[in-house]
Amino acid sequence: MIAENIQLIQAKINEAAAKSGRSTDEVKLIAVSKRFPASVVKEAHAAGQIFFGENYIQEVQLKKDQVPPEVKFHFIGHLQSNKAKIAAATCDMIETVDRYKLGKSLDKHLQALDKTMDILAQINIGDDSNKAGAKKDEAEELVKQLGDLPNLRVCGLMTMPPFEQEAELSRIHFRNLRLLAEQLADKGLFPDVKSPDLSMGMSGDFHIAIEEGATIVRVGTAIFGQRLPRS
Ligand SMILES: *Cc1c(COP(=O)(O)O)cnc(C)c1O
């Protein structure tokens with residue numbers, strides 16, 4: 001089941017990329033395995049999936065020890081600064097750096113580990129009071145500050161737009177994130193990358209996000225099925 005779902009999603013990624021004249025290689029699929037056990041991650045990995053998304057640091061810690069070392073974890077949840085040490089040691093990318101204080105904590109622990117880490121700045125592009133992320137007009141300052149931290153590599157922006165019943169309604173938010181990233185790139189704020197990453201799009205709307213330039217899509221339900229509530 002999981003293997004078939006991954007194939008199906010990959011086919012849809014290819015289709016959306018082709019439709020917008022982009023190469024499939026530009027889009028990385030993150031399989032969001034939050035609230036599923038390590039056995040599920042192993043099954044998906046056996047089907048060729050490398051990147052997994054988690055939103056609780058304790059879950060990353062637990063699963064990391066049970067899966068092959070090639071498996072990579074992207075952190076996509078709210079990260080408390082007091083969990084930065086574990087995140088620095090276990091994750092391959094933190095997509096949700098929404099404040100300088102968190103960046104500073106991560107940087108400190110990364111220095112101690114003699115390691116650099118790829119991060120994204122999380123932006124609340126739809127200005128939704130239910131969503132985390134820096135406000136659009138704070139993005140420049142945040143990206144600039146994070147860029148000064150030596151052990152962080154600021155690769156781009158991530159967003160979770162307001163929930164919409166219809167995927168097409170998310171398009172404007174995806175477009176706005178791309179335009180914002182382009183503006184910041186023009187100002188030289190992503191010196192470490194050729195072009196900034198855009199992490200946007202989930203099970204219901206990743207095809208629209210790809211048409212608007214997503215380089216990372218985060219897909220959970222469409223691969224693994226319905227999640228159980230957190231107990
Ligand atoms: C849970 C989650 C996803 C995956 O959502 P699905 O609708 O299950 O694909 C993507 N991004 C973030 C930040 C999430 O927390």
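Okay, here's what the table says:
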item: Residue list for the stretch 144-203, filter: in a loop (DSSP other than H, G, I, E, B) and polar (S, T, N, Q); result: Asn151, Gln165, Ser195, Ser203
item: Selection status of Asn14, free of Cβ contacts under 8 Å to residues at least 24 places away in the same chain and within 14 Å of the ligand (Cβ to nearest atom); result: no
item: Gln61 at pLDDT 95 or above and within 16 Å of the ligand (Cβ to nearest atom); result: no
item: Within the stretch 183-231, considering residues that are among the acidic types (Asp, Glu) and more than 10 Å from the ligand (Cβ to nearest atom), the one nearest to Asp137 (Cα to Cα); result: Asp186
item: In the stretch 141-174, the residues that are closer than 14 Å to Arg99 by Cβ and touching a helix residue (DSSP H, G or I) at 6+ places or on another chain (Cβ under 6 Å); result: Val143, Gln145, Leu146, Leu149, Leu152, Val154
item: Any hit, the stretch 83-95, residues being among the hydrophobic types (A, V, I, L, M, F, W, C) and assigned to a strand (DSSP E or B); result: yes
item: Residues satisfying the stated conditions in the stretch 39-49, i.e. part of a helix (DSSP H, G or I) and more than 16 Å from the ligand (Cβ to nearest atom); result: Ser39, Lys42, Glu43, His45, Ala46
item: Number of positions in the stretch 157-181 that are of a type in the set (D, E, K, R) and loosely packed, with under 14 Cβ neighbours inside 10 Å; result: 2
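So that you can scan it fast, the table gives a plain yes or no per residue for (1) within 16 Å of the ligand (Cβ to nearest atom); (2) aliphatic (A, V, I, L, M); (3) surrounded by 15 or more Cβ atoms within 10 Å (Cβ to Cβ):
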residue: Ile2; (1), (2), (3): yes, yes, yes
residue: Gly21; (1), (2), (3): no, no, no
residue: Lys28; (1), (2), (3): yes, no, yes
residue: Ser33; (1), (2), (3): yes, no, yes
residue: Phe51; (1), (2), (3): yes, no, yes
residue: Asn55; (1), (2), (3): yes, no, yes
residue: Ile76; (1), (2), (3): yes, yes, yes
residue: Ala88; (1), (2), (3): no, yes, yes
residue: Leu102; (1), (2), (3): yes, yes, yes
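The values are calculated or read from the model by the stated rules, or taken from the named source; none is laboratory data. For clarity, every value in this text was computed on a predicted model and none was experimentally measured. Every residue, glycine as well, gets a Cβ built from its backbone with ideal geometry; the counts of neighbours run over all protein chains shown.
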